[in-house]
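FYI, it's all coordinate maths here, none of it is from the lab. Small disclaimer: the values here were computed from a predicted structure and weren't measured. Here the Cβ positions follow ideal geometry from the backbone for every residue, glycine too, while neighbour counts run over all protein chains shown.
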Amino acid sequence: MDVAVIGAGQAGLSAGYHLRRAGIGFVMFDHAPRAGGAWQHRWPTLTLGKAHRIHDLPGMPLGEHDPARPAARVVSEYFARYEAAFDLPVHRPADVTSVTDAPDGRLLVRSSDGAYLVRALVNATGTWDKPFWPYYPGMETFRGRQLHTADYRGPHEFAGRRVVVVGGGASATQALVEIAEVAAGTAWVTRRPPVWREGPFDDQRGRAAVARVEERVRRGLPPGSVVGATGLLLTDEMRAARERGVLDRLPMFERITPAGVVWADGTAIEADVILWATGFRAALDHLAPLRLRGPGGGIAVDGTRVAADPRIHLLGYGPSASTIGANRAGRAAVREIVRLLVGRSPGTTGTGGNEPRVRVVTPV
């Protein structure tokens, strides 16, 4: 194959669309059993009306939907229609175990669905599969339940419980507001004071947030979160929760005890559950054999292209880790891949008669 795309979420589907339009031979791998990307794992009470804006994939709009329907169901159905409409060659469930250099300059992609030699790689694995659990002293002694938002399925299982929610992102506040309706008590803990924003999130704000993350990945630092850089939207629901005291934030505790959490000044809160809404990290373990990480701990990326290896593009990493960013990244990556493949030999990507040919059509 000319190109392998790993991941069939928003970014992977966008890349697949533009690869199809460019006439490039490609294969896609997705480890989930069905379409939907990370959205299929969202909790049922996260309705379309409560979710962050879902941007249309290129060439096919999402359309109007009931805002009361679960976002996971709406988006999964949309992604499935999209794959079928553009005949995207998604292999699922298929796990990519490693990507290594082949002797002839290509990349060897090993997967549960077989091994593939490719000339370029679009990695769109996102972050959902790598929830981040920070360590605090005493975690192992806690007698209650600890879970990450990756495993959160709604507030019903917290009825009558005392719950500590850790994290300053949208997932933390959305879960906290739901849980507070049924829990015996809640506490919200964050490392930094939350930043609330009012009014519309316009293009200028969006570009500024993306630019801050992009600067980090250019320098080879671990990417920050685009969503984190935008702040928390103060909706009517969140404003009402603040008035009820649900969103009264506490600074980070010092340690965990069998019965709860304790601060440095000795203040303690008893808890039955600790919900870690502490985000995710990029799922890139399969790329480890290529040694792409630099001394800064991240992978230096120019646009979507890995600075040290022009064959590889990272989508859903850094500035493209948002729905609108993923769309743009898919188009940008394919433009560069066309240049890379055609640059090897005019009119063809291969050196032998059996190699697939590239029909050069500029992605739109």
Counting every C-alpha pair in the stretch 227-313, the percent lying more than 23 Å apart is 56
In Å, the Kirkwood estimate of hydrodynamic radius for the stretch 1-115 over Cα pairs equals 15.1
Cβ-based exposure ranking for TRP39, TRP128, in which fewest neighbours within 10 Å come first:
TRP128, TRP39
Extension reserve of the ARG143-GLU270 stretch, reckoned as 0.36 nm per residue once the Cα distance is removed:
44.6 nm
So what's the Cα pair-distance distribution over the stretch 113-170, bin width 10 Å, in %?
13, 37, 23, 14, 12, 1
Label point distance in nm, ARG281-ARG255, each placed 7 Å from Cα along Cα→Cβ
2.5
Length gain on complete extension for the stretch ARG110 to HIS156, per 0.36 nm per residue less the alpha carbon to alpha carbon distance?
12.5 nm
Measure out, as a whole number of angstrom, how far apart the alpha-carbon centroids of the stretch 97-149 and the stretch 9-41 sit.
17
For HIS65 paired with GLU243, estimate the spin-label separation in nm (one decimal), with each label point 7 Å from Cα along the Cα-to-Cβ line.
3.1
Which ordering of VAL301, VAL246, VAL195 is given by a fewest-first count of other beta-carbon atoms within 10 Å?
VAL195, VAL246, VAL301
